[in-house]
Amino acid sequence: MPRFAAIGLDHRHIYDLTQDLMDAGAECVGYNPDTTDPRVLAGFRKRFPQVPQSETQRLLDEPSIDFVVIAARPCDRADLAIAAMQRGKDVMVDKPGITTFEQLTAVERTVHETGRIWSICIGRLASPAVQEALRVVRSGELGRLVHTTSLAPHRLNRALRPSWFFDTPAYGGIINDIGVHSIDQFLAFADADDAEIVSCTIGAFGTEPAGFEDFSELVLATPSLRGYIRLDWFTPDGLPTWGDGRFFVVGTEGTLELRKNLDIEGREGTDHMFIANRTTTRYVDCSRLPVTYFRNFLHDVASRTETAMPQRQVFNVCRLALQAQAQATRYTARRS
């Protein structure tokens, strides 16, 4: 059974990462209690009371641990990942895996030098609806793809956010942070390794503190596909989930829509898919379909393969997010 440790308990995503890996067949044998948010640590201890705590260096130096899972402050994740890989361990990191070009270069160099795996748990990989939509698209049912639209609103949940959440250098900016999901998703549907950034904007339209990046738009393109992406932190409190994530695909012979988190005023649950083709329409409940990312990652750790996500694609997604973040046109709200 693969053995892993959790390091960097600064984001609540560590709960799902740990649980999903355990459900896939791995054993969590330790965690580092250092945190910038004591509430995250308390939640981890409540969910995993059987897992012992230990110092980071001791976990990194323990030869029986195969890999580590990291959900530290985004700006700290690269250094922790590099330290783990240099000690012979593979890495699964919460998004974003890096916050600067320098960090990306250092991680790439370490991967090449050590032969270890550096994987980011990006939304597409853990979404049964997106995986099923990819299957439908690749079956040819929608014809040749023409355009995709990704809407990725998020709830701010200000009371739950640590101070670093509002510090741009700490999280890398809105595109680098939450836009990385949609960039990866576009590349997957385009079946491409890279894309052109046609345009990108970032807005600070009213969320305190002043200057916090709460809105962004991107247009990406490959030789055969264009895609629009909208990101924001404006999910209203009345919505019964953290965001009404939606994804639209237009093909020459059909269309597809995903309602990832809810079917507003409709069916209960998550992972709803709606398809219209040349002859009919249909609804698909994807919520019970399997998610294979965590099982594939464990297979890659054991077999030194790249079935969860090709390493080159991980780097390309990060690079595109950093490039879009750097070159975006900035807008701020006019205050009366």
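Between R278 and D79, the distance separating the two model label sites (each 7 Å from Cα on the Cα→Cβ line) works out to 5.8 nm.
Taking the C-alpha atoms only, the angle from helix 38-47 to the longest principal axis of the chain is near 90 degrees.
Once the Cα atoms of helix 128-139 and of the chain are each reduced to a long axis, what angle between those two axes, in degrees from 0 to 90 to the nearest 10, is obtained? Taking the Cα atoms of the chain, the angle to 128-139 is about 50 degrees. On the basis of the beta-carbon distance and an R0 of 22 Å, Q323 and H147 show a calculated FRET efficiency of 0.55. As a calculated quantity, the FRET efficiency between E257 and E196 at R0 = 22 Å, using C-beta atoms, amounts to about 0.30. Principal-axis analysis of the Cα atoms of the chain puts helix 101-114 at an angle of about 60° to the longest axis. Shown for region 93-157 is the translational diffusion coefficient from the Stokes-Einstein equation, using the Kirkwood radius over Cα pairs, a temperature of 25 °C and a viscosity of 0.890 mPa s: 161 µm²/s. Of the peptides 170-176, 136-142, 114-120, the order by per-residue mean of other Cβ atoms within 10 Å, starting with the highest, comes out as 170-176, 114-120, 136-142.
Centre-to-centre, using Cα atoms only, region 1-64 and region 264-312 are separated by 26 Å. Maximal additional length on extending the T100-E62 stretch stands at 10.7 nm, based on 0.36 nm per residue less the C-alpha distance. With no solvent and one point per C-alpha, what does the Debye sum give as log10 I(q)/I(0) for the chain at q = 0.07, 0.10, 0.12, 0.15 Å⁻¹? Log10 of I(q)/I(0), two decimals: -0.28, -0.60, -0.87, -1.37.
Remark on region 255-334: Rg and Dmax equal 18.9, 55 Å (Cα only).
Distant-in-sequence amide contacts of Y331, defined by a placed amide H-H separation under 5 Å and a gap of 5 or more residues or a different chain, comprise I202, G203, A204. Packing-based ranking of 222-230, 325-333, 69-77 yields 69-77, 222-230, 325-333, ordered from highest to lowest mean Cβ neighbour count within 10 Å.
For the chain, the relative contact order comes to 18 percent (Cα pairs under 8 Å, sequence separation of at least 6). Label-to-label distance for M22 and R312 is 3.8 nm, based on points extended 7 Å past Cα in the beta-carbon direction.
Estimated from helical segments only, the mean residue ellipticity of the chain at 222 nm is -10000 deg cm²/dmol, where each DSSP H run of four or more residues counts as -39500 (n - 2.57).
The numbers here are math on the coordinates, done by the rules we state, and not lab data. None of the values given here were measured: they were computed from a predicted structure. Neighbour counts run over all protein chains shown; Cβ positions are idealised from the backbone, glycine included.
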